[in-house]
Structure formats: C-alpha cells, structure tokens
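Presented below is the structure to which this report refers.
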There are 2 protein chains.
Amino acid sequence: MKSNSNSKAPIGVFDSGVGGLTVAREIMRQLPHENIVYFGDTARVPYGSKSRNSIIRFSGQIIRFLETKSVKAIVIACNTASALALEAVKEETAVPVIGVIVPGARAAVQATENGIIGVAGTEATIRSETYTKVIKEMNPEAVVIGKPCPLFVPLVEEGFAKHKITKEVIDIYLSEMRRTEIDTMILGCTHYPLLRSRIMAYFGEKVHIVNPAYETAMDLKKILNERGIANESGEAASYEFYVSDAAEKFTRLANTILSYDLAATKLVNIEEY
Amino acid sequence: MKSNSNSKAPIGVFDSGVGGLTVAREIMRQLPHENIVYFGDTARVPYGSKSRNSIIRFSGQIIRFLETKSVKAIVIACNTASALALEAVKEETAVPVIGVIVPGARAAVQATENGIIGVAGTEATIRSETYTKVIKEMNPEAVVIGKPCPLFVPLVEEGFAKHKITKEVIDIYLSEMRRTEIDTMILGCTHYPLLRSRIMAYFGEKVHIVNPAYETAMDLKKILNERGIANESGEAASYEFYVSDAAEKFTRLANTILSYDLAATKLVNIEEY
C-alpha cells in the first residue's frame, strides 16, 4: 500500500462493465496525455441490484488488481460503487480515489436555479441516498427526488437504446418526476448517458440534464495538478482494457462507445485479488 | 469426491438466482419427502450474457459448496449452466448431476407432431445450440428454431411480468417465430415459466408450451429410484436456501414463487469454494 508519484503512471478506471467507458471517454478528451488502465467487472455485472457488502468486496478486489498496474490515481466510474463503496475502499489504498457522485452532485447544485434536483439511478444507488446526502451537504435547502430505473441498463446492453420501447420505459419510470418542479436531473448511472438524447427529449428544454462524467474528469485533473503528478511528458497516451469475462463482447461494445478503436481486451480472474 | 448413498441426504438444486425456484417448486410437488438445499448465485446473476468459462467456474464452485452439505444428487436448475457447464462439472463430483435441457428436449420431442420446435432462451443458451444438438440426437428429423430473449429475465426480476410492455417485448422477440410452423415451444430459461400465460396467449392454442421443470423432476425421481436413494422415510421434507448476495431480496421474491413460505436465506461467499 504505497503511493505512486510517478507522473507517467496510469490512471485506474473501473466500472461493473462497459458503462464506465462514458467516463473514460471524458478523461481521454480532457486529459489526452494520461495513460489509462480500465477494468470492467463483466463477470459480475450488474452491480445496481446487489448488496453493499458485495459491492465493497468487488471494489476492493478491483483496487488490488489496479495496484498491480502501479496506478497513480483511481476513478470509480460507476455510480453504484461510488455510492456504496468509495468510503470503505479509500482506506485500503494510498493512491487518491475519486467517485462520480461528488462531481455529479456539484454540477447539479451549480446548475439548479430552484434547488429541486432529480436523480435517476440503479436500485442500489437510489436506496443508498448518497446523492441526497452529498447534495444536501453542498446546499442544505436543496430538494432531491430520486428514482430507480432498473431496466435502463439491460435496455442499453441489449441494444434497445434507440427502440420505441425505451421511450415507453422512460415514461414508466420518469413520468412522476416530470410532473415535479425539478429544473435539473442527474444521470446517476454510467449507462444512462447512452440514453441522454431520449431523456432530454422527454423532459424538454426546461430541465438541465447532468452527466457526472464531465465534472469527474475535471476533478481528476485538479487532483493530479495539486499533487504534482499530472503527466506532462507530452507523449501520446496508452490505454489498456481488462475485464473479468467475455473480453470479445466488451471490445465490440467498447468500440461503439469510444472514438478510439481498441484492439484487444485482456481477461483477469478478479476473484483471485 | 465420494458418492452419498444416504437416502435422507438432500438434493442440491442451483441456479443463477431465483429462476431455479420454478424447478425446486416442481421437485417439492412431485417428490414431497425429498430434502432440498437450494443455492442461488445472486452475486453473479445473470448467467445468460456471460462466457462458457465463467459459467463452468461458477458451477464448479457451487457444486463444491453443495458437496459440503452432503447432497446425494444435484439438479442444475438453470438452462444456461445446463447448456454450458453440465458436461464439464459432471466429472468433478461423484453424485449424479442432471440439468434441465435433456428433460425439456425430451418433452418437446414427445409433444411435437410436425417436428418443428421453437426454443426461447438466454443469449448463451441459444448460442451454444445445446437444445438443437440434444433434440436432434432424439429425433434427427426435427427442426429447431432458437431465439435469444435477453430482456425477459430483467422484466421478470423487475416486476414487469404483468405489464403491457412485456407483451410488446414478447412480440419483438417472438413475432418471427410465430410466423414459422412450430407446434411446440420450449421455455428454455427458468425465469420464463413466470411469463408462461403471456407467451401462451401470444402463440395461441396451436402451439404446445413446454416447461422443462416438470420433466426434470420426473427424471430426478427416476434416478433416485434406480440408485435406491429415494427418501422413503415418510418424514416431512426440510428445505434450506443459500445465496451469494442480497439474502433478504431473495427471500421476498422466493415467497412469491413458492407455495411454501421460507423463513430465511443464508449468505455464502461462493468465491471461496
């Protein structure tokens, strides 16, 4: 358990599967010289319906794996793991660890005018009320309305993002929220940015849609600068991708999310960490 | 690795989650004196989108766990694990292991008149073509039309079984199959019997719907009798339930599937086996 101050060391980014690539994509865009090691826990995906204890155990194993890659910082690019495991796993490593909840909450608090904020997320994220707690620490007057949307992840994973049925599912989950006074809504799951245009169309222009990925990359940049570990070599970054299952399927999906085409994904037996 | 010939020993039944309870329920009904140890791998559910290697590793761990409960026979109450892992894990244990594919295929071959059989299942089950191979061994003339229906499991798990959206998803996946000449269709995933009435209504009376659970319990009975290990004590059976995650959620769902009310479910760290 030691800190890595080598500025050329990679950033570790992890998620339960492909969803976290929406965060990795933003890091690649904002921090083009940072090397990245990405891990997707495809053997145990999804996290959103599972318990706090399992999410903490899974996250701990992944952090131990990322440490073998000598990462200099870790981004939990998964709302469920950020909500349930961030505090617990921070204790286990000497490298800085950031999640997506605090950046997403901050962006929403900055964007809202009337202080009424909606959060769509997994069952586990919404039940944890982590977004509510974090938002209320930033603005005690804020009102937070959370809604679990458990079918959104399988709809995206099964290629239904653009199908008319997804419009109906959006209506089933979010019609009640649309009748409230929210002026800002957080896409509180890394898969949901892949439904962004559908959700924006559903709420219309009066609701500001927040994707925490953008703010998360900003936070990462700030931490690297503060600690003097930003990669200023000017070299082209290198990216490595690991999963716990079905590497080919991941590569195929990843190539639809990233602008960059990845050649191969390596398989890791994550239970051994 | 030794056989257990104690007739009072329990039957081990496992699935990726709650779906296998539709098989356990049928065993309870047909073999009311058999004790059962059920394991649901809720930490790693679903299996249907994962690779053969992972399914074999998961199944091996579960069989080693069930052996610690001194089971006298094992039923793989999951189509995906039966399709991908049965042959591999049979080698690892001395107790008889049966899956749901052979019984389901036999019921379909017996039911069909024109030899054209449909199979709805998970991505992994359909891709493996195990149903096709097994059916063709029983009847080389048979024509098998398989269709993966990956949204059926999340729809059931998220409580949408009776929602109108499920009717639309059934139409999306099965409209092509309805236009074929099939006269028999296998519900090739243990969750699907929970959509049975919707699927029956969709196909109408001319298609015979096969739920492999019934035939699986019959096969189990036959094996226990052949080996002289049926429980003939006449005592009331006892049932134990184990999961790898979220025991309370499992108990709640189980109580909607079983006629019998289970008091509690125990948690197991399955990765240790």
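The values are calculated or read from the model by the stated rules, or taken from the named source; none is laboratory data. Treat the numbers as computed from the prediction; the structure is a model and nothing was measured. So basically every Cβ, Gly included, is an ideal-geometry build from the backbone, and we count neighbours across all protein chains shown. The accessibility values were calculated without ligands, DNA or RNA, using every heavy atom of the protein model including side chains. Shrake-Rupley method; radii C 1.70, N 1.55, O 1.52, S 1.80 Å.
Just a few scattered comments:
- The residues on offer are B:Thr251, B:Thr180, and the sole one that is touching a Ser or Thr at 6+ places or on another chain (Cβ under 9 Å) and either in contact (Cβ under 8 Å) with a residue 12 or more places away in the chain or under 25 Å from B:Lys147 (Cα atoms) (or both) is B:Thr251.
- Hits in the stretch B:62-79 (condition: open to solvent by less than 10 Å² (accessible area, probe 1.4 Å) and over 25 Å from B:Thr132 (Cβ atoms)): B:Ile62, B:Ile63, B:Phe65, B:Leu66, B:Val71, B:Lys72, B:Ala73
- One residue from B:Gly104, B:Gly115, B:Gly121, B:Gly99 being on the phi > 0 side of the Ramachandran plot and either open to solvent by less than 30 Å² (accessible area, probe 1.4 Å) or at pLDDT 95 or above (or both): B:Gly115
- Test: residue in the stretch A:188-209 that is within 11 Å of chain B (Cβ to nearest Cβ), surrounded by 14 or more Cβ atoms within 10 Å (Cβ to Cβ) and either farther than 21 Å from B:Val169 by Cα or not small (Gly, Ala, Ser) (or both): no
- Taking the stretch A:226-250 as the range and being surrounded by 15 or more Cβ atoms within 10 Å (Cβ to Cβ) and away from every other protein chain (no Cβ under 14 Å) as the test, the residues that pass are A:Arg227, A:Ile229, A:Ala230, A:Asn231, A:Ala237, A:Tyr239, A:Glu240, A:Phe241, A:Tyr242.
- Only one of the numbered conditions (1) closer than 20 Å to A:Ala111 by Cβ; (2) at pLDDT 95 or above; (3) among the charged types (D, E, K, R) is violated by A:Arg179, and that is (1).
- Single match in A:Glu113, A:Glu91, A:Glu157 (criterion: out of contact with any Gly (no Cβ under 7 Å at 6 or more places or on another chain), farther than 29 Å from B:Gly159 by Cα and touching a residue at least 40 places away in the same chain (Cβ under 8 Å)): A:Glu113
- Scanning the stretch B:35-52 for residues that are touching a helix residue (DSSP H, G or I) at 6+ places or on another chain (Cβ under 9 Å) and not small (Gly, Ala, Ser) turns up B:Ile36, B:Val37, B:Tyr38, B:Phe39, B:Asp41, B:Thr42, B:Arg44, B:Val45, B:Pro46, B:Tyr47, B:Lys50, B:Arg52.
- Residue count, the stretch A:80-114 (criterion: in contact with a Cys (Cβ under 8 Å, 6 or more places away or on another chain) and farther than 13 Å from A:Val134 by Cα): 1
- The set of residues from the stretch B:169-184 being surrounded by 14 or more Cβ atoms within 10 Å (Cβ to Cβ) and either closer than 21 Å to A:Thr166 by Cα or within 14 Å of chain A (Cβ to nearest Cβ) (or both) comprises B:Val169, B:Ile170, B:Ile172, B:Tyr173, B:Leu174.
- B:Leu84, sole failed condition from (1) open to solvent by less than 10 Å² (accessible area, probe 1.4 Å); (2) within 14 Å of chain A (Cβ to nearest Cβ): (1)
- Which numbered condition B:Glu91 fails, given (1) within 14 Å of chain A (Cβ to nearest Cβ); (2) charged (D, E, K, R); (3) out of contact with any Phe, Trp or Tyr (no Cβ under 9 Å at 6 or more places or on another chain): (1)
- Some residue of the stretch B:151-167 being more than 9 Å from chain A (Cβ to nearest Cβ), open to solvent by 60 Å² or more (accessible area, probe 1.4 Å) and either β-branched (Val, Ile, Thr) or part of a helix (DSSP H, G or I) (or both): yes
- Among the residues making up the stretch B:17-38, a single one is in a loop (DSSP other than H, G, I, E, B), among the aliphatic types (A, V, I, L, M) and under 18 Å from B:Ile98 (Cα atoms): B:Leu31.
- When A:Val18 is tested against (1) within 14 Å of chain B (Cβ to nearest Cβ); (2) more than 13 Å from the chain's Cα centre (by Cα); (3) in contact (Cβ under 8 Å) with a residue 60 or more places away in the chain, only condition (2) is not met.
- When we screen B:Asn35, B:Asn6 for residues that are modelled with pLDDT under 95 and either open to solvent by 10 Å² or more (accessible area, probe 1.4 Å) or away from every other protein chain (no Cβ under 14 Å) (or both), the only hit is B:Asn6.
- In the stretch B:42-64, the condition of being touching an Asp or Glu at 6+ places or on another chain (Cβ under 9 Å), more than 14 Å from chain A (Cβ to nearest Cβ) and at pLDDT 95 or above is met by at least one residue.
- Considering only residues in the stretch B:257-273 that are of a type in the set (A, V, I, L, M, F, W, C) and open to solvent by 80 Å² or more (accessible area, probe 1.4 Å), the one that is farthest from B:Gly60 (Cα to Cα) turns out to be B:Ala263.
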